[in-house]
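**Student:** Below is the structure I would like to discuss, written out as structure tokens.
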Amino acid sequence: MRLESPRLTSLRERHAHLDARIQAEYSHAHPDDTMLKRLKLAKLRLKEEIDRLKDH
């Protein structure tokens, strides 16, 4: 079994944090669409980086 690198662990934690922020924004009576777009884009970029690191 190969241990996960600290970098990959950090990226996964940041990804989870962004997911929580997105959910929190959706819970508002009037979610900020611009903020949601920014958060989702950041989350997607993290996901892409995670996938690249997993492939190596």
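**Student:** Considering each of LEU46, LEU11, LEU41, LEU18 in turn, give the residue that is loosely packed, with under 12 Cβ neighbours inside 10 Å, within 11 Å of the chain's Cα centre (by Cα), of a type in the set (A, V, I, L, M) and in a helix (DSSP H, G or I). Quick ask: steps written out before the conclusion?
**Tutor:** Numbers: LEU46 fails: loosely packed, with under 12 Cβ neighbours inside 10 Å; LEU11 fails: loosely packed, with under 12 Cβ neighbours inside 10 Å; LEU18 fails: loosely packed, with under 12 Cβ neighbours inside 10 Å.
Just one listed residue meets the conditions, LEU41.
**Student:** Taking region 23-34 on its own, how many of its residues are in a helix (DSSP H, G or I) and farther than 25 Å from LEU8 by Cα? Before you say what the answer is, go through the steps one by one.
**Tutor:** Let us first name the residues in region 23-34 that are in a helix (DSSP H, G or I), namely 23-26, 33-34.
Now narrow it down to the ones that are farther than 25 Å from LEU8 by Cα: 25-26, 33-34.
Number of matching residues: 4.
Read the figures in this text as sums done on the coordinates, not as results from a lab. Predicted model, so just to flag it, every value in this text is computed and none were measured. Don't worry about glycine lacking a Cβ; one is built from the backbone with ideal geometry, like all the others, and counts go over all protein chains shown.
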